Amino acid sequence: MANYSHDRIVPFKESQLGKKQQVAEMFDKIAFRYDFLNRFLSGGIDLYWRRRAIREAAAGFPREILDVATGTADMAIMMARRLRAVHVTGVDISTGMLEIGRRKIDRLGLGDRIVLQPGDSESLPFADGSFDAITVAFGVRNFEQLEKGLTEMLRVLKPGGRLVVLEFSHPRTPGIRQIYDLYLRLVAPNLGKMVSSSREAYQYLNDSVKAFPEGAAFIRIMEDSGYARTRFRRLSLGICSLYIGDKPGGAGN
């Protein structure tokens, strides 16, 4: 499998740990402030992006959905509340994030609809063809081996099942792009340090967004990994992109 420059972007440059272990450590460290920083740094627009992704995931009337890199379960909770017939399984490598997610699920009384468990996107603990749809919101940048994660998600999808990915991207509009780059490079890391005591986490955000193969490049990687009917849409002037791909073999493939 190919290696990509973003695979080598890590939060703690002096650490001897691999990317996967560093990402888990980073999210454990900021878990207690993650939800607040998400809303604050995005101005709440991430909720709109998640709703768009859920609409795509729901197109095939799924019953079993896997949310990879579920974090504190924001996406899983939104799907369970908006799609009444579904059961959602969320996996993440950060136990700290999962613990906060479980508290939120218990508080909302959604324990019968959502199950969270530790899980590695590159070695998912599920049988082939287990899920009707898979979502990943702002998590594919954190994969240590991007293609391995994509092929592993394809494996656990049912034929005809759908993968929906949300990921940060770069605006194309002159002026907007420069403001966005400045925000990621200076504002987000310094705010992250003030609120969560971790500048590294939000410096990593900037570095990993810059290195990620976005747009048509990511679509080609999805196709090389076996996905069909791939497409993407830029949202909010290109700050975020929505990627969609289906597993071959269903009625529409």
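The values are calculated or read from the model by the stated rules, or taken from the named source; none is laboratory data. Everything quoted here is computed from the prediction, not taken from an experiment. Virtual Cβ from ideal backbone geometry, glycine too; neighbours counted across all protein chains shown.
Annotation note: of VAL209, VAL187, VAL164, the sole residue that is among the aliphatic types (A, V, I, L, M), in contact with a Ser or Thr (Cβ under 8 Å, 6 or more places away or on another chain) and modelled with pLDDT under 95 is VAL209. Here PHE12 meets each of (1) in contact with a Leu (Cβ under 8 Å, 6 or more places away or on another chain); (2) modelled with pLDDT under 90 with one exception, condition (1). Just checking, does the stretch 158-174 include any residue being basic (Lys, Arg), part of a strand (DSSP E or B) and either surrounded by fewer than 20 Cβ atoms within 10 Å (Cβ to Cβ) or touching an Asp or Glu at 6+ places or on another chain (Cβ under 6 Å) (or both)? Yes, the conditions are met somewhere in the stretch 158-174. The set of residues in the stretch 17-48 being farther than 25 Å from GLN145 by Cα and hydrophobic (A, V, I, L, M, F, W, C) consists of PHE32, PHE36, LEU37, PHE40, LEU41, ILE45, LEU47. Counting only strands (runs of 3 or more DSSP E) that fall entirely inside the stretch 32-150 and contain at least 1 residues that are without any contact (Cβ under 8 Å) to a residue 40 or more places away in the chain and surrounded by fewer than 23 Cβ atoms within 10 Å (Cβ to Cβ), the qualifying elements are 87-92, 114-118. Residue check: is ASP67 out of contact with any strand residue (DSSP E or B) (no Cβ under 6 Å at 6 or more places or on another chain) and among the charged types (D, E, K, R)? In short, no. Only residues that are under 11 Å from ILE65 (Cα atoms), under 19 Å from the mean Cα position of the chain (by Cα) and among the polar types (S, T, N, Q) were counted across the stretch 82-132, and they come to 1.
Entry remark, the stretch 30-64: residues being out of contact with any Gly (no Cβ under 7 Å at 6 or more places or on another chain) and at pLDDT below 85 number 12 in total.
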